[in-house]
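These notes are about the structure you will find just below.
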Amino acid sequence: MSGYAAGIAKGVAPKARLAVYKVCWKNSGCFDSDILAAFDAAVNDGVDVISISIGGGDGIASPYYLDPIAIGSYGAVARGVFVSSSAGNDGPSGMSVTNLAPWLTTVGAGTIDRDFPAQVILGDGGRLSGVSLYAGAALKGKMYEVVYPGKSGILGDSLCMENSLDPKMVKGKIVVCDRGSSPRVAKGLVVRKAGGVGMILANGISNGEGLVGDAHLLPACAVGANEGDAIKKYISSSRNPTATLHFKGTILGIKPAPVLASFSARGPNGLNPEILKPDLIAPGVNILAAWTDAVGPTGLDSDTRRTEFNILSGTSMACPHVSGAAALLKSAHPDWSPAAIRSAMMTTATVLDNKNRILTDEATGNNSTPYDFGAGHLNLGRAMDPGLVYDITNNDYVNFLCGIGYGPKVIQVITHAPASCPAKRPSPENLNYPSFVAMFPVSSKGAVSKMFIRSVTNVGPANAVYRVNVEAPSGVTVTVKPSRLVFSEAVKKRSYVMTVAADTRSLKMGQSGALFGSVTWTDGTHVVRSPVVVTQLEPI
């Protein structure tokens, strides 16, 4: 794209055929009726995988019977179509994840090992790292006065909103704009209109150090919250503050990678915390892909540039990676259900980066957790041969809906089929999901325990013996019975019971309000891993 990310571009599933259904409209959003109609049309057309990079509700999740994506995707999954959806971009705040239905595969975003670094060089010799996809004429090391309109204390000024900048103040200068409220690239347009020569886009506390590249219309560099603060401090303490911007092109082999994107939406699941969401993460930061000729790379009306490729960030970029992976898994294993495909991806996902450390969180620099990355980062090579899968039938999903208190009429809104619930209310956490959440009420004092039942289907060599390995969360006892699963030509499916026990008086939940561990089955070749989350929550 305009000289960035040169090389050969290839899709995840290059031979897949695409059917595309338009459900979103400029300036008027995506109508529920269009979303439902597209799901119906896609299933009717015989697709194998549906990729839906739509979500939202500003982090407020509607119940499944009011959610067009939950209803439309249930009809698809019930007919064997895999549905991949984005987790949302309202991270790093907790409980921001959307698309929570347990039949969906919900995908968060991680970085890749390629970056587009830019530098802010200050008059006092300070060099601060940032990111940019600016491809026009460079500043060639020339120093310009640098100003921060936010010094006025007026929010619109600090955010460089439309008509907020006084040309007398910014003409011929580099302007520091705070991130938020308006599109990042639109701020640059405001600066350019007011006569500014460049922009430094500074993160606020909510975005932390999370950076995404933009194809700015003027020399511009995005910097993290710490760097932004350092630049503002330099401006306020210097009599003649100056700066220049230096663009460094494309750098490969970045370490660590992947890193959890700060914008990637986080758990816990705000509707049914018993189901861990997101399910996994995939590449979603600075992703190069083919682009329309209808608009410029920024999408702004005034952007007259046209490029065959563009670089974008978001869980909307991560979700299609999983869709492509699902297409390859489906072609390799035509008999696998959508739940089996998701299970294969989740149980083989990696939780380590290319420095062999736990995935870090871009927002804080700390280790991330299953609330952030679910089962981990997609590892397609391993997902092709997962060993065991956790399968789920339509009937299991109906039992789950009964378990969360939906009656037959409400369930029928989702399933479009008459539903009957068992006399004894099923336990929602016993849905045969490849992850575990043990929820203990805040009111419980003393010894508590929770039992989970799971069934695994052998999709590897027929005569296999799997042994369990438990990494219990701190201060929690996890027991699995049996601890050995024996498969044969005749026996393809085995069940086990996992019990999570704790003394709530001595549990220390930590920052995220939860404790994390894992349960792994292995036959010496295959490693089938599931995250375990222990939390205390008030019933919603």
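For Leu300 and Glu471, compute 0.36 nm times the residue count separating them, minus their Cα-Cα distance, and round to one decimal in nm.
Values: separation 171, 0.36 × 171 = 61.56 nm, distance 4.95 nm.
Gain on stretching Leu300 to Glu471: 56.6 nm.
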(request) Quick one: give the max-minus-min coordinate of the C-alpha atoms of region 21-137 along each principal axis, largest first, in Å. (result) 63, 32, 31
(request) Determine the distance separating the Cα centre of region 463-540 from the Cα centre of region 101-126; give it in Å without decimals. (result) 32 Å
(request) For the chain, restrict the atom set to alpha-carbon positions and state the Rg and Dmax in Å. (result) 24.9, 82
(message) Compute the orientation-averaged projected area for region 432-539 from the convex hull of its Cα atoms and round it to one decimal in nm².
(response) 7.0 nm²
(request) Calculate how steeply helix 184-193 sits against the longest principal axis of the alpha-carbon atoms of the chain, using the helix alpha-carbon long axis, and give the answer as 0 to 90 degrees to the nearest 10. (result) 10 degrees
(message) Rounding to the nearest 10 and keeping the result within 0 to 90°, find how far the Cα-based axis of helix 68-78 lies from the longest principal axis of the chain.
(response) 40 degrees
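Quick one: compute a quarter of the convex hull surface over the Cα atoms of region 256-381 and quote it in nm².
That works out to 10.1 nm², a quarter of the Cα hull's surface.
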(message) Between 0 and 90 degrees, rounded to the nearest ten: what's the tilt of helix 225-237 against the longest Cα principal axis of the chain?
(response) 20 degrees
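Quick check for you: with a 1.4 Å probe and neighbouring chains kept, what is the accessible area per residue of the chain, in Å²?
On the way: 23580 Å² over 540 residues.
With all protein chains present, the chain gives 44 Å² per residue.
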(request) Please report, in cubic angstrom per residue, the volume enclosed by the convex hull of the alpha-carbon atoms of region 180-292. (result) 180 Å³
(message) With just the Cα atoms defining each centre, how far is region 270-288 from region 374-403? Give it in Å.
(response) 14 Å
(message) Given the C-alpha atoms of region 419-473, compute the convex hull and give its volume per residue in Å³.
(response) 174 Å³
(request) May I ask you to derive the FRET efficiency for Thr292 and Asn27 from their Cβ-Cβ distance with R0 = 22 Å, giving the value to the nearest 0.05? (result) 0.85
(message) Strictly under 4.7 angstrom between C-beta atoms: which cysteines of the chain have no such partner?
(response) Cys221, Cys319
(message) Report D for region 378-489 in µm² per second (integer): Stokes-Einstein, Kirkwood Rh on Cα pairs, 20 °C, 1.002 mPa s.
(response) 126 µm²/s
(request) Could you run the Karplus curve 6.51 cos²θ - 1.76 cosθ + 1.60 with θ = phi - 60° over region 495-511 and give me ³J(HN,Hα) per residue in whole Hz, x for Gly and Pro? (result) 10, 9, 10, 10, 10, 10, 10, 7, 10, 5, 5, 10, 6, 10, 7, x, 4
(message) As an exercise, take the mean of 1/r over every pair of distinct alpha carbons in region 177-232, invert it, and state the Kirkwood radius in angstroms.
(response) 11.3 Å
(request) Could you run the Debye sum over the Cα atoms of region 100-254, one equal point scatterer each and no solvent, and tell me log10 of I(q)/I(0) at q = 0.21 Å⁻¹, two decimals? (result) -1.39
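Share of antiparallel DSSP beta bridges in the chain, in percent to the nearest 5? Before the final figure, lay out the partial values.
Details: 62 of 92 bridges.
In the chain, DSSP labels about 65 percent of beta bridges as antiparallel.
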(message) I'd like the Kirkwood hydrodynamic radius of region 307-373, using the inverse of the mean 1/r over distinct C-alpha pairs, in Å.
(response) 14.4 Å
(request) Enumerate the amide H contacts of Glu209 below 5 Å, restricted to partners 5 or more residues apart or on another chain; note that Pro and chain-start residues carry no placed amide H. (result) Ala225
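The values are calculated or read from the model by the stated rules, or taken from the named source; none is laboratory data. Just so we're clear, the structure is a prediction, and the values are computed from it rather than from any experiment. Reconstructed Cβ throughout: ideal geometry from the backbone, glycine too, with neighbour counts over all protein chains shown. What goes into the accessible areas is simple: the full protein's heavy atoms, side chains included, and nothing from ligands, DNA or RNA. Shrake-Rupley method; radii C 1.70, N 1.55, O 1.52, S 1.80 Å.
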